[in-house]
Amino acid sequence: MKFSIKKYVYITEENVDISFLPPMSRRKLSLLDKIALCAMQKCYESPQVKMVFASQYGELDRLRKLVEQYSQENEVSPATFSFSVHNSAVGQFSLLHKIKESYNSVSAEKDTFSAGLIEALITSSSDDVLFCYCDSEKICEGFSCLITTKDLSEGVFELDILKNNKRSFFEETDSKRFFNFLEVKDKRFVTSDGLFEIKNAGEQQ
């Protein structure tokens, strides 16, 4: 499968910027929300885009607080609950930009990044897709990219499914490693679950 990436970005707490949001809405956001919204904003072009959001844990800190609140008070705050759902960030982003296209929210345990990226690539066969991965397993980080299969004039990549599916362990997360690959710091990208590899189409043997 061949595709192109128009824009991409890697965001952490150090470079997160939510100045594009109304001041009132910023106060309610968790760090995960801020990083996800910032990452999507930097790759966003138009409301005619489908979205795929991937996160292994989602709003885990909010969920912990909800469980504690329920155990103590036997009820939870509706407002807090609405921000705790897995698709909270992508839902907020679609409302902000009045996006009417569909979006999916993906969680696949340790394989969440690769599952989300595959979902985005499948969806991109008919529409441009804004993909965002955000999690806080090692550090709170976010990766986003705008994927297209329509314009392959430059920056073309190819995905190959691997047969052995051998899991590997890396110091860096898959999202950071994929960002490094796009920055041409690595010749190819292989997911840690060994499911597939991506390489520059011009580097085929």
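The values are calculated or read from the model by the stated rules, or taken from the named source; none is laboratory data. Quick caveat, the model's predicted, so the values are computed rather than measured. For neighbour counting, all protein chains shown are included, and Cβ atoms are generated from backbone atoms with ideal geometry for every residue, glycine included.
A few remarks follow.
- Within the range 1-27, considering residues that are part of a strand (DSSP E or B) and polar (S, T, N, Q), the one nearest to the chain's Cα centre (by Cα): THR12
- Pairing residues of the range 57-77 that are under 29 Å from THR112 (Cα atoms) with residues that are surrounded by 11 or more Cβ atoms within 10 Å (Cβ to Cβ) and among the acidic types (Asp, Glu), at Cβ distances under 8 Å and at least 6 apart in sequence or on separate chains, gives TYR57/ASP135; TYR57/GLU137; GLU59/ASP33.
- Scanning the range 72-109 for residues that are aromatic (Phe, Trp, Tyr) and either at pLDDT 80 or above or closer than 24 Å to LYS138 by Cα (or both) yields PHE83, PHE93, TYR103.
- Spans of helices (runs of 4 or more DSSP H) in the range 57-99 with at least 3 residues under 29 Å from ALA120 (Cβ atoms): 60-73, 88-96
- Qualifying residue in the range 126-143 (condition: assigned to a strand (DSSP E or B), among the hydroxyl-bearing types (Ser, Thr, Tyr) and within 20 Å of VAL85 (Cα to Cα)): yes
- When GLN48, GLN69 are checked against the criterion of being more than 19 Å from PHE143 (Cα to Cα), surrounded by fewer than 19 Cβ atoms within 10 Å (Cβ to Cβ), over 13 Å from the mean Cα position of the chain (by Cα) and modelled with pLDDT of 90 or more, GLN48 stands alone in meeting it.
- Flag for SER102 being surrounded by fewer than 16 Cβ atoms within 10 Å (Cβ to Cβ) and under 30 Å from LEU152 (Cβ atoms): yes
- Among residues of the range 165-205, those that are under 18 Å from LYS138 (Cα atoms), exposed (fewer than 14 other Cβ atoms within 10 Å of the Cβ) and of a type in the set (A, V, I, L, M, F, W, C), counted: 2
- Selection status of LEU60, among the aliphatic types (A, V, I, L, M), under 14 Å from SER136 (Cβ atoms) and either out of contact with any strand residue (DSSP E or B) (no Cβ under 8 Å at 6 or more places or on another chain) or surrounded by fewer than 20 Cβ atoms within 10 Å (Cβ to Cβ) (or both): yes
- Residue that is surrounded by the most Cβ atoms within 10 Å (Cβ to Cβ) [pool: residues in the range 3-45 that are among the hydroxyl-bearing types (Ser, Thr, Tyr) and within 22 Å of ASP111 (Cα to Cα)]: TYR10
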